[in-house]
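The values are calculated or read from the model by the stated rules, or taken from the named source; none is laboratory data. In this text, all values refer to a predicted model and were calculated from it rather than measured experimentally. Note that each Cβ is placed from the backbone with ideal geometry, even for glycine, and that neighbours are counted across all protein chains shown. What goes into the accessible areas is simple: the full protein's heavy atoms, side chains included, and nothing from ligands, DNA or RNA. Shrake-Rupley method; radii C 1.70, N 1.55, O 1.52, S 1.80 Å.
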Amino acid sequence: MFIVYPVIFTATNDEKNTYLVEIPDINGMTEGYGLEDAIRMAKDYIGGYYLDTNEILPASDISEIDVSKGKFADVGKTFASLVDIDLLAYRRANNMKTVRRNVSLPSWLNKAAEDAGLNVSKVLQEALIDKLQIEQ
């Protein structure tokens, strides 16, 4: 699932080429060194917000964004742009928290897996990914 938010970027013109980033719709702020890094940081902030809240807030129309009213407008040249993020891909890449599940196996199958040196958790994960047709 892709989401797109308008983001305000402000170039500080310092020696690190810092861009200050404001994401008004989720009241977020971050920064990056160079525009490419600033865009990456904006995506990371949006993805992190989603992981923390599991909430997708509606996006403003970019034409309604007044960059002169941005929090960093007085620091440097400011402009607005749209930033998109694939939330499912972000979740797969960043939400690696494991959960414990009890699985019942017949004794003979457990013994066969142990004898074969199989990691049952890994085999289960691979089977679920295959069954759910999840792309990695």
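Placing R0 at 30 angstrom, the Cβ-Cβ distance between Lys111 and Gln133 gives a FRET efficiency of 0.45 after rounding to 0.05. Each peptide in 89-100, 36-47 receives the mean, over its residues, of other Cβ atoms within 10 Å, and ordering these scores from highest gives 36-47, 89-100.
For Ser104 and Met1, the difference between the fully extended length at 0.36 nm per residue and the C-alpha to C-alpha distance is 33.7 nm. A 1.4 Å probe run over the chain, with the rest of the protein chains in place, finds 71 Å² accessible per residue.
Note on the chain: helix-only mean residue ellipticity at 222 nm, from DSSP H runs of 4+ residues weighted -39500 (n - 2.57) and normalised by residue number, equals -11000 deg cm²/dmol.
Computed in the context of the full set of protein chains, the accessible area of the range 7-136 at 1.4 Å probe radius has 50% of its extent on carbon or sulfur.
Applied to the range 121-127, the Karplus parametrisation 6.51 cos²θ - 1.76 cosθ + 1.60 on θ = phi - 60° returns per-residue 3J(HN,Hα) values of 4, 5, 4, 5, 4, 4, 5 Hz, with x for Gly and Pro. Counting only lysines at least 8 places from Lys69 when in the same chain, those with an alpha carbon closer than 30 Å to its own are Lys16, Lys43, Lys77.
Per-peptide packing, taken as the mean over residues of other Cβ atoms within 10 Å, places 11-19, 108-116 in the sequence 11-19, 108-116 from highest down.
Given the choices (i) 14.7, 44; (ii) 21.7, 70; (iii) 14.8, 40, Rg and Dmax of the Cα atoms in Å derived from the coordinates of this structure is entry (ii).
Proximity of backbone amide H atoms, modeled 1.01 Å from N, is registered between Gly76 and no other residue at under 5 Å, excluding neighbours fewer than 5 places apart on the same chain.
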